[in-house]
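No value in this document is a laboratory result; all are computed from the given coordinates. Everything numeric here is computed off the predicted structure, so don't read it as measured data. Quick reminder, even Gly has a Cβ in these numbers, built from the backbone with ideal geometry, and neighbours come from all protein chains shown.
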Amino acid sequence: MLLLRALRATGALRPPPRRLLSSSFSSSSSSSSPRALLPPPAAAPPLARSLWQLGGGGWRTALLRPRRGSAGGVSCGCGGLHTEGDKAFAQFLTDEIKEEKKIQKHKSLPKVSGGWELEVHGTEAKLVRKVAGERITVTFNINNSIPPSVDEETQEEQKPDEQEPDLTSTPNFVVEVIKDDTKQTLVLDCHFPEDEIGHEGEEESDIFTIREVSFQPTGESDWKDTNYTLNTDSLDWALYDHLMDFLADRGVDNTFADELIELSTALEHQEYIKFLEDLKSFVKCQ
């Protein structure tokens with residue numbers, strides 16, 4: 001399981017490893033006869049994402065793999081293909097959706113303090129705040145925003161009865177600062193370093209960093225590569241600290257970053273449940 005997470009972190013594997021449903025329902029070409037079907041999914045324990053991590057995915061592989069190559073059409077009058085495997089898949093999704101809703105921490109998206117207004121468009125969210133002639137926007141997307149929490153060696157040392165941490169969404173985010181009397185927008189590309197996530201009690205340490213800074217024309221959505229972009233890897237630390245203070249003065253500080261993580265995690269879980277519901281409808285041809 002954690003090897004999959006490590007591959008995901010390097011971009012070598014998509015989708016994220018906690019997506020449970022992609023690898024176990026492909027067709028098998030090695031046998032001309034249907035494989036035996038499993039007992040009804042109700043006999044198996046629910047497989048919510050938080051519980052999925054405990055077994056490293058091995059139980060899922062052993063349980064679901066025999067469904068490959070299921071045969072036997074079931075007609076619903078729509079003219080589409082339906083199999084016994086589809087029926088079992090839909091029941092599995094029904095149970096999974098119920099378990100995910102049980103562990104869902106936020107039924108509605110949490111608010112961010114400091115007068116930020118939230119706009120959500122699918123997987124993209126935008127926070128907007130106006131302060132004394134300036135408009136500050138923070139934009140992020142929850143896709144691929146859950147990093148691996150532990151490495152393979154940590155998994156081997158972990159006791160079987162120890163539950164792994166909950167999945168947390170830590171997306172990259174872009175801060176735009178627009179002044180009323182200028183035609184340029186200051187754009188700061190920020191992210192959450194993995195080694196800073198979850199470090200409590202370190203008030204002086206920033207939990208997010210600035211990666212790039214540039215000016216872009218106000219009102220234009222297309223990024224202009226011809227504009228100079230400053231990479232902070234080789235930046236003087238004094239200048240970098242002033243940039244972080246500049247953001248903090250406008251409400252983008254550690255408190256904001258913590259609340260952004262909470263908001264992003266809630267939005268990601270909400271979208272995941274919606275994806276399961278859409279997948280169930282698709283499989284059932286509703």
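Distance between the 7 Å Cα→Cβ label points at Lys274 and Leu230: 3.7 nm.
Measure up Lys102/Lys284; Lys87/Lys111; Lys224/Lys274; Lys101/Lys284; Lys111/Lys179 against 29 Å on the Cα-Cα distance and list the ones that go over. Listed pairs above 29 Å: Lys87/Lys111; Lys224/Lys274. Here the extension length gained between Lys102 and Asp241 equals 45.8 nm, from 0.36 nm per residue of separation less the Cα-Cα distance. Residue separation of His191 and Asp95 scaled by 0.36 nm, minus their Cα-Cα distance, works out to 31.0 nm of gained length. Rounded to the nearest 20 debye, the dipole size of the range 241-286 about its Cα centre is 540 debye, using +1 on the Cβ of Lys and Arg and -1 on the Cβ of Asp and Glu. Less than 5 angstrom separates the built amide H of Thr83 from those of Val74, all sequence-distant by 5 or more or on a different chain.
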